[in-house]
Amino acid sequence: MALPFALLIGAGRAPASAAAGFAYPVALIGALLVNQLLGLLLGMVSFWTLEVSGALMAYRFVAQFFSGALVPLWFMPGPVRTAAEWLPFQATAYTPAAVYLGQVEGAGIAAALGVQLAWITALGALAAFVWSRARHRVMSQGG
């Protein structure tokens, strides 16, 4: 999200390739959707708990670490990187950055976008299921 500002002040650089330039906006949209679905699921925790701040703190810690926002995944040791690649968080920060910087190229770009799409589908289905359960917990008063 800081890219327009970085380009404005001259600190940004162009995407690594033409393919990266075209795939980057798609990866950003995918990252936004994955992030929003994760937030929706976290928000729906409030249907079963009285206080969500603990869950929110835990989520932020795990999401920041495993998304590659603090340390890029390519710097992580093997087992930690493997775990991060299996979690949805990498689709929120690492994928757009890796596409833009050329860390994934060619078929790797399609695979990375495919992983984002898979997470969007899985999280969307999970959110629909959780919402179907949460609706039964809502009690409203009045006519």
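The values are calculated or read from the model by the stated rules, or taken from the named source; none is laboratory data. No experiment lies behind these values; they were computed from the predicted model shown. Methodologically, a virtual Cβ is constructed for each residue, glycine included, from the backbone with ideal geometry; neighbour enumeration extends over all protein chains shown. Side chains are part of the model used for accessible areas, which takes the heavy atoms of the whole protein and leaves out ligands, DNA and RNA. Shrake-Rupley method; radii C 1.70, N 1.55, O 1.52, S 1.80 Å.
A few notes on this one:
- Proximity of backbone amide H atoms, modeled 1.01 Å from N, is registered between Ser67 and no other residue at under 5 Å, excluding neighbours fewer than 5 places apart on the same chain.
- Solvent-accessible area, 1.4 Å probe, carbon plus sulfur percent, for the chain: 70 percent
- Residue among Ala118, Ala31, Ala58 with the largest mean-square fluctuation in a Gaussian network model of the chain, springs linking Cα atoms under 10 Å: Ala58
- Per-residue SASA entry for Ile109, accessible area with 1.4 Å probe, Å² rounded to 10: 10 Å²
- Where only C-alpha atoms are counted, convex hull volume of region 17-105 per residue in Å³: 86 Å³
- Most positive-pole-ward Cα, Ile29, Leu126, Ala18, against dipole of the chain from beta carbon charges: Leu126
- Leu32 paired with Arg13, simple spin-label distance in nm, labels 7 Å along Cα-to-beta-carbon: 2.7 nm
- Taking all Cα pairs closer than 8 Å and separated by 6 or more residues, the relative contact order of the chain comes to 37 percent.
- Scalar couplings 3J(HN,Hα) for region 93-101, obtained by applying the Karplus form with A = 6.51, B = -1.76, C = 1.60 to θ = phi - 60°, are 10, 5, 4, x, 5, 5, 5, 4, 7 Hz; x denotes Gly and Pro.
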